[in-house]
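Following: one structure in structure tokens, then a few remarks.
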Amino acid sequence: MFRNPRCTPAMANDRLHRAEALLAAATMVREYVSDEPDVAEVFVTLLFRAGVAAGEAICCRALGEHAPSDEAGVDLIASVAPEGPEMADMLAVLLRARHGEEDASDAGTRMRCRRAAERLVQAARDRAMR
């Protein structure tokens, strides 16, 4: 059985800082989305990357493992108690948008992605404080 690479607390901190930086970048890009439709994809990609980095930080702290940035990552984060299933749903929202299953130019999709990324980053911050 394949195991994800081991992860240290220093790696978890690095992933959290990366998640925060990507979320901040997405926030800066957000103001241009309504003027430039092509920017919507960049916005969603930054949110996806922020969510993945937050998911990695969460899994790193809780399980000592890296979470892959695909469906396996969704399954891994779902195993984190007690809020794992909710975090998995948030990561799945970002994954669907990133893979084109949802239209990034749709305002509702962007809002769901923004909320999912923000909640994942906050969950990673909360775990870092424990």
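Quick note: the coordinates plus some simple rules give every number you see, no bench work behind them. As the structure is a prediction and not an experimental result, all values here were calculated from the model. Ideal geometry is used to build each Cβ from the backbone, glycine not excepted, and the neighbour counts take in all protein chains shown.
Taking the chain as a whole, which cysteines find no other cysteine Cβ under 4.7 angstrom from their Cβ?
Cys59, Cys113, each lacking another Cys Cβ under 4.7 Å.
Distance in nm between label sites at Met111 and His99, each 7 Å beyond Cα in the beta-carbon direction?
2.6 nm
Towards the positive end of the charge dipole of the chain, with charges on Cβ (+1 Lys, Arg; -1 Asp, Glu), say which of Cys7, Val74, Ala25 has the farthest Cα.
Cys7
Can you compute the helix-only [θ] at 222 nm over the chain? Use -39500 (n - 2.57) per DSSP H run of at least 4 residues, normalise by all residues, nearest 500 deg cm²/dmol.
After summing the helix terms and dividing by the residues of the chain, the value is -25500 deg cm²/dmol.
Give me a comma-separated list of calculated 3J(HN,Hα) values for region 16-31, in order, Karplus coefficients 6.51, -1.76, 1.60 applied at θ = phi - 60°, integers in Hz, x for any Gly or Pro.
Taking θ as phi minus 60°, the curve returns 5, 4, 5, 4, 5, 5, 5, 5, 5, 5, 4, 4, 5, 6, 3, 5 Hz for region 16-31.
How big is the charge dipole of the chain about its Cα centre, in debye rounded to the nearest 20, if each Lys and Arg gets +1 on its Cβ and each Asp and Glu gets -1 on its Cβ?
My answer is approximately 640 debye.
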